[in-house]
Every structure is written in structure tokens, then in C-alpha cells.
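No value in this document is a laboratory result; all are computed from the given coordinates. Bear in mind that the values here come from a model prediction, so they are computed numbers and not experimental data. So basically every Cβ, Gly included, is an ideal-geometry build from the backbone, and we count neighbours across all protein chains shown.
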Amino acid sequence: MQVQNVIAALLLALGLASCGEDSAVQAVDDATVGAADVDAQVTTQGTAPVFLPVGGTATTGAVSFEGSWTDTQRVHVEVAISDFKDLFGIAGHLHYDPAVLQLTLMQANAVPLGSDKNTSDYKPRAVAKEAPTGRILLGGARFSNVPSPFDTPYGAKVTKETWLVLEFEMLKKGATTISFDPNTLVVRNGAYTDVPTDWGHLEIVWQNK
């Protein structure tokens, strides 16, 4: 089976292939920001693993979150993949509460780029689409530059790469969480076997006094 067909099937299983490679950008109403006394805090938690199919042959990798404030009501979020010795494709559904967060920017970066000797033989791609509101279909995979039925696929050695960049406007005070749906997660290596992966999440706490 050609490399393209395998990864297309991987993404199609999660409903990602039909979404295209476009990014969603929604308008922001700056009038709601105001000059209120705001006590804002972003905390990250990424140590709890999510159950994935058993039998992976690669060293466990991780998907982590980093959050920061761009002003007193807007949050910048980056999702990164790291510590993979053999990563060929990765996908999942990321969800957030649209009643608390309004998405204002979404940018997917092509992953996995990798740093091993076979990197030049492949082109990384990414898919990101919000459908429906509050759920982001997200995927990344390698595609061979010279597809052949006799091609032997290779995964990428990934130290750390930014997979997704998001920005949100806070709509309500209190705590909210951005995380992946564990029922949608797929990570494969060059042998098309599952890679056990630790998936983090981001907790955002915003108090508008």
C-alpha cells in the first residue's frame, strides 16, 4: 500500500481528510474587552496519560500545551508534539467550551518535520478544521515525495514541534479546560502500529473583578 493511501485512511477514520487544510479565523468584538480590573492566570497540566491501543513499538511521545495572555482577556495557546523517535501520523479531536471561549485564531503547522536522515524524502502536512464549534479536527502526517508501492515508510524523529496555534477571547469568568477527546486519538509510527502517547490539557482560570 502506498504511503499516501495509508495516511489518508488514518485521517479519514477521524473525519479529517474531508476537511481540507484551511484554517478558521473568527472576528473579535473589541468592544467587550473594556478596562476592568482583571486577575488572569493560565495553568498547564500535561502529566496524565490517555488510554490508547496497546502494542506500540516506538518510545512514548507527548502532546503538550502552553498558554499565555496577550492582554487581560485574550489567551494564546500552543499545542506541541515532542519526544517521538518514530512518528509517521498523529490525529485527534481537540475540544473547548464555546460558551466560555471564543476562537479568534487557528493555525495548523505541518508536522512531523523530523530531524533524521530520511526527512528530505517526505513532506509533512497538517489538517485543522473546527466542526462543529467547540471541536477542532486535527491531524498531521508524512507523505513520500516519490510515492511507490515498493516504498518503505519511515517515521520522523521529533524533539519538539509546534502543531497548532490558537487564540481565544474569554467570555465568562472562572475555570475552563481545553483537551483532546480520548476516543479519537490515533498515533502511528513507520510500521503503522500504535504509539503510546501522553496527552496533556490546558486549564485556564480567568477572574474578571
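Taking every pair of alpha-carbon atoms in region 119-209, what share in percent sits in each 10 Å bin, from 0 to the bin with the longest distance? It works out to 11, 37, 29, 15, 6, 2, 0, in whole percents. Fewest neighbouring Cβ atoms within 10 Å first, the residues Tyr154, Tyr192 line up as Tyr192, Tyr154. Charged neighbours of Asp194, selected by a Cβ distance under 13 Å, balance to 0 (K, R count +1; D, E count -1). For the listed residue pairs Lys123/Lys160; Lys85/Lys129; Lys129/Lys157; Lys129/Lys160, the alpha carbons are over 21 angstrom apart in Lys85/Lys129; Lys129/Lys157; Lys129/Lys160.
Each label point was placed 7 Å from the Cα along the Cα-to-Cβ direction; for Thr72 and Val146 their separation is 6.0 nm.
Each Lys or Arg adds one and each Asp or Glu subtracts one; over the other residues with Cβ under 13 Å from the Cβ of Ala80, this totals -4.
Sum up the charges of everything whose Cβ sits under 10 Å from the Cβ of Pro124, counting Lys and Arg as +1 and Asp and Glu as -1, but leave Pro124 out. Every neighbour counted, the sum reads +2.
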